[in-house]
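Here the structure is laid out as structure tokens; the discussion comes afterwards.
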Amino acid sequence: MQTLTEAQIDRYSRQILLAQIGGKGQKKLLSSRVTVVGAGGLGCPAAQALAAAGVGAIRIIDADRVELSNLPRQFLHHTKDVGRYKVDSIKEKIEAMNPDVTVEAVRMFVDKDNIAGLLSGSEYVIEACDGQAAKFLVNDACVHLGIPFTIAGVVQFYGQIISVIPGKTRCLRCLFREPAPEDAQNSCSGAGVMGAAPGMAGMIQANEAIKSITGAGKLHADKLMIFNLLDCSFDFLDIASLPACAACARPQEPFYKTFDYGSAVTVCHLRPESVSGRDSGV
Amino acid sequence: MTMDNRHSADAVIDLRGRKCPMTFVYTKLELEKLEPRQILKVILDYAPSFTNVPRSVELQDLGEVIGESSEPGTEKTLWIRKK
């Protein structure tokens, strides 16, 4: 493993100080790759926290472009970025923030055919899309590929987060079985969202990745976190005793290749073109 | 622990000119390079580090301070046995 430079020791000193991280943990972060699927309300804070912490390689996947209505919650995009690919905007900000980090900007949406290739080589996956079908696709593919991951969903002031260790803990499909029909009225574009909700969820997702890579603490696995920022309540649902879903029961088989995710799965949102003034969700 | 309890060392780190928390950061990184029970000699000249470094080493259970020597008011040397 590489030696930390003087500048790295200075930059990451407050992490090295942590009993759970130290120099060894910091080197692990610097030599790891995390894939973030989605460059919006969850993906921006997640990528920002990963990059600031010194995760050395971040692959970020999204074919969407920045819209003005994204800016209150997609914190890495600035007014001048409207119309740019979100992944290009994030790459620019992160590489300016931390030269230790390489960002691989992938201008694609995940689908059944490309997902294995896009996730492979990752030590951790952060699902940061806004459609249920895409969340299930990332879930099912990670279970098959054996990559630990976290999934979050937010709307208005509310959010839910789970972490999954394939083969060891319950997954999104164990919990919900099937994607619910897409409901435009319950999306961020239909129902609204306050930026702090995806901001907090994305930060927790990044922290899960950091813990998974370094071995620090305990992952938020076998539990569903449900938060409500209107009354500042945080609840935890124990999902450890749920029966294994079809994807977890036979992880060696690529369940995601046979499941019908519906038409929405090819994209992280419901609308294929996106350089209009309308919002595309989280 | 005596005020002048010198030991041989497997590694030495001179942290004169550095302040908290970097004195502990560098001590911790040096300890990570050693094998269990090897001894690190740490030279300090920032007074708050004289107590902060041993305390942090013990709080994080990284090792044991087995000796120290002081130049009155100016420098302190610690010998730390890695756990």
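Scanning segment A:2-42 for residues that are at positive phi and touching a helix residue (DSSP H, G or I) at 6+ places or on another chain (Cβ under 7 Å) yields one hit, A:22. Yes or no: residue A:179 of a type outside the set (Ser, Thr, Tyr), assigned to a loop (DSSP other than H, G, I, E, B), out of contact with any strand residue (DSSP E or B) (no Cβ under 6 Å at 6 or more places or on another chain) and modelled with pLDDT under 95? Taking the combined requirement at face value, the residue satisfies it. Counting only strands (runs of 3 or more DSSP E) wholly contained in segment B:12-83, the ones carrying 1 or more residues that are among the basic types (Lys, Arg), surrounded by 15 or more Cβ atoms within 10 Å (Cβ to Cβ) and away from every other protein chain (no Cβ under 14 Å) occupy B:39-44, B:75-82. Being in contact with a strand residue (DSSP E or B) (Cβ under 9 Å, 6 or more places away or on another chain), over 30 Å from residue A:257 (Cβ atoms) and at pLDDT 95 or above is a condition met by at least one residue of segment A:60-68.
In segment A:54-103, the residue that is farthest from residue A:189 (Cα to Cα) out of those that are part of a helix (DSSP H, G or I) and touching a residue at least 60 places away in the same chain (Cβ under 8 Å) is A:68. When segment A:129-152 is filtered for residues that are without any contact (Cβ under 8 Å) to a residue 60 or more places away in the chain, surrounded by 24 or more Cβ atoms within 10 Å (Cβ to Cβ) and over 19 Å from residue A:40 (Cβ atoms), only A:142 remains.
Considering only segment A:1-42, state which residues are under 14 Å from residue A:216 (Cβ atoms) and either at pLDDT below 95 or away from chain B (no Cβ under 11 Å) (or both). Selection gives A:28, A:29, A:32.
Scanning segment A:162-201 for residues that are among the β-branched types (Val, Ile, Thr) and within 24 Å of residue A:249 (Cβ to Cβ) yields A:162, A:164, A:165, A:169.
The values are calculated or read from the model by the stated rules, or taken from the named source; none is laboratory data. Being a predicted model, the structure only gives us computed values, none of them experimental. Cβ atoms come from the backbone with ideal geometry, glycine included; neighbour counts cover every protein chain shown.
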